[in-house]
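Heads up, the thing below is written out as structure tokens.
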Amino acid sequence: MALLEVQNLKVYFPITGGILGRRIGDVQSVDDVSFTIEAGETVGLVGESGSGKSTIGKAILGLVPMTAGTIIFNGKDITRSIKRNRSSYRRGVQMIFQDVYSSINPKERVLDIIAEPLRNFENLTKAEERKRVDELLSIVGMTSDTALKYPHQFSGGQRQRIGIARAIALKPKLIVADEPVSALDLSVQAQVLNYIQDIQDELNLAYLFISHDLGVVRHMCQKLMIMHRGRFVETGSRETIYDETLPHHIYTRRLLSSIPDLNPENRLKNEEKRNKVTEDYNQQLSKFYAPDNSVYPLKPQGNDHYVAFPD
Ligand SMILES: Nc1ncnc2c1ncn2[C@@H]1O[C@H](COP(=O)(O)OP(=O)(O)O)[C@@H](O)[C@H]1O
Ligand SMILES: [Mg+2]
């Protein structure tokens, strides 16, 4: 049994117009996607900005209303109760954001930020709470005096580690990590990714790891879902997705070709390859997308590999 099963999820936002603000259409941010996440597994959700990744993450957390679909957690259909406070679902699923500031009150001390989920779900004494916060800080490599400071006193990487400490305070089963390192310098990215991986083993955590960069998720994800225009254009194991000899959607090929190569000797060759793929992309666009520009349904390629090839 999968830890999380998302079936036929749709999230549409209304477009209103005219002086009466009538609904004149929808933004189909997520348009019928299905997937599962197993306990302890990392699933990568990758696509360019605007493809609908964050909306999937937010729908799982109950932060945006679902237009259609079903969410099953630990075998239980929680679609209707997703917003119920203090449920085991709300406890078991947490989120890490690209920008910690978007989910906290910057005027609060780190102690209050990390302790907030504990206060919602557990009745700890002040001493017990402080002890738990210190433990959580030490897991992400920060000292106890961090607790009495404010978020602005820390670097981006340190703030992200504080966000991780808060996300794991209730020992969740699944964390939706939405571009958790995208705003950080390359050198700091690796460090934060290491913390994210270390805690995974200790807590048997599953991740839905969202990124716009196939390079960042390469070493973390067992499974990948490539998203464009609200749908999956391709899904498969890491071995499948990064194997350039296999057939891929043109969109996946473009994402693969834009992974930066840190070896300067390859730079010229890579640039040529990238230009070639971009040229192919522009030429073949109409072949890979339906006449209304939508993504075709996924088609099985064997080995749990699915690609939205034309009908
Ligand atoms: N609350 C909202 N109201 C209207 N449109 C939205 C809302 N949230 C997201 N969208 C639209 O949905 C699409 C997908 O957005 P998002 O999920 O944030 O993409 P990503 O995370 O891949 O960059 C975009 O076109 C975005 O403008
Ligand atoms: Mg996003």
Gain in length, residue 243 to residue 261, computed as 0.36 nm per residue apart minus the alpha-carbon separation, to one decimal in nm? 4.9 nm
Could you give the angle, 0 to 90 degrees to the nearest 10, between helix 156-167's Cα long axis and the longest principal axis of the Cα atoms of the chain? 70
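Taking 0.36 nm per residue of separation and subtracting the Cα-Cα distance, what length does fully extending residue 63 through residue 272 add?
Length gained between residue 63 and residue 272: 71.0 nm.
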Take the Cβ-Cβ distance between residue 150 and residue 120 as r, set R0 to 25 Å, and report the resulting FRET efficiency rounded to the nearest 0.05. 0.70
Distance violations [Cα-Cα > 24 Å] among 83/171; 107/131; 83/107; 131/173: 83/107
For the chain, calculated [θ]222 nm from helices alone, where every DSSP H run of n ≥ 4 adds -39500 (n - 2.57): -10500 deg cm²/dmol
For the chain, one quarter of the surface area of the C-alpha convex hull, expressed in nm², comes to 19.1
Taking only Cα atoms of segment 223-311, radius of gyration then Dmax in Å: 13.6, 42
Please list log₁₀ I(q)/I(0) at q = 0.26, 0.33 Å⁻¹ for segment 255-297, using the Debye equation with identical point scatterers on the alpha-carbon positions. -0.87, -1.10
Considering only the chain, what is the antiparallel percent among its DSSP beta bridges, to the nearest 5? 60
Could you name the aspartates and glutamates whose alpha carbon sits less than 20 Å from that of residue 299, not counting residues in the same chain fewer than 8 places away? 5, 31, 32, 234, 239, 243, 244, 311
Describe numerically, in nm with one decimal, the distance between label points set 7 Å from Cα along Cα→Cβ at residue 105 and at residue 7. 4.0
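Rounded, prolate or oblate: which fits segment 209-273 when a ≥ b ≥ c are the square roots of the eigenvalues of the alpha-carbon gyration tensor, with rounded for a/c under 1.5 and prolate only if a/b beats b/c?
Taking the square roots of the gyration eigenvalues as a ≥ b ≥ c, segment 209-273 is prolate.
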Cα convex hull volume per residue for segment 1-118, in Å³, equals 155
Semi-axes of segment 125-248's equivalent ellipsoid from the Cα gyration tensor, sqrt of 5 times each eigenvalue, largest first, rounded to whole Å? 32, 15, 12
Rounded to one decimal in nm, the spacing of the 7 Å Cα→Cβ label points at residue 127 and residue 301 is 6.0
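Assuming R0 = 30 Å, what is the FRET efficiency of residue 286 and residue 19, from their Cβ-Cβ distance, to the nearest 0.05?
0.20
Any read-out appearing in this document is the output of simple, stated calculations on the displayed coordinates, not a laboratory observation. Keep in mind that this is a model prediction, so the values were computed, not measured. Cβ: placed from backbone, ideal geometry, glycine included. Neighbour counts: every protein chain shown.
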